Amino acid sequence: MLRGFFLIFLLAGIVIVAMCGFRGEHSTRTPWEIFPDMVRQQKVRAQSPIDFFGDGRGPRLPIANTVPVGYEMPKPQMKAPPEITPSGAAPGEELSRTRIGFSVGTDYYNTGKMGPNWGTGIPVPITAELMQRGQQRFNITCSVCHGLTAAGNGVAKQYGLNTVATLQDERIRKMADGEIFNTITNGKNTMMSYGGNVPVADRWAIITYVRALQRSQNAAAADVPAEELAKLEKAEAKPPEPKPAPSPEGQKK
């Protein structure tokens, strides 16, 4: 039994050596290749034709209306208004909001930090467009876990992800905006990092919308302007309009 095994092993070794040859041996004949070398595989080479495509060109034009991963569409340059000076930008300074990239700077806008500490404040003008963008990005990226009202009741929690935090918690409502920015960028605990998926501008838009959600779910009557509060009280005090009585013809039917 053992003798037969050694005999088979020896014959197999001879066959392998005969097929593959000795490494480094020179010959004018084409070598046998059980696994073709990668240098000879079909691939795109710069400035070289390829017969894989009908036009013979290797490099292909990008698909229309697509952009590379990590590309942030450039926006018009804008001046920093005085009211956002506490967030790190000097009045009249050219903001770095138009850079293409994901957290490519070291300022508050890109890191959420003012020196060694987390900063507070939205470093861009808060507009209706910014709020709408934040709502859209929040609903796409965040609501699956945190829920549409940021109460931590998204569909992921319903399927067993019990570590989802509610953003309506007092601790998070008092958390600095820069720390929330850092959490979105680098993740925390079981939350993954979104720094490579969500551009810097969209992170601040999301934070702006989260602050609006927190305010909406924890608002008091004192937060409503006096004129609007008077309208609400008047609407509540107004008796309901009486419904018209059914016509005799309708009763007969």
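Here, each number is a calculation from the coordinates, and none is a lab measurement. On a predicted model such as this, the values are computed, not experimentally measured, just so you know. When we count neighbours, we look across all protein chains shown, and the Cβ atoms used for this are built from the backbone with ideal geometry, even at glycine.
Listed highest first by mean packing, meaning other Cβ atoms within 10 Å per residue, what order do 57-64, 174-181 come in?
174-181, 57-64
Based on Cβ point charges of +1 for Lys and Arg and -1 for Asp and Glu, what charge dipole magnitude is obtained for segment 120-210 about its Cα centre, in debye rounded to the nearest 20?
The calculated dipole for segment 120-210 is roughly 120 debye.
Tell me, what ³J(HN,Hα) does each residue in segment 153-163 have, in order and in whole Hz, if you take phi through Karplus 6.51 cos²θ - 1.76 cosθ + 1.60 with θ = phi - 60° and put x for Gly and Pro?
10, x, 5, 5, 5, 5, 9, x, 7, 7, 8
Kindly write out, for segment 186-202 in residue order, the coupling ³J(HN,Hα) from the Karplus curve 6.51 cos²θ - 1.76 cosθ + 1.60 (θ = phi - 60°), rounded to whole Hz, with x marking Gly and Pro.
Each residue of segment 186-202 in turn: 10, x, 7, 6, 8, 7, 6, 7, 10, x, x, 10, 10, x, 4, 4, 6 Hz.
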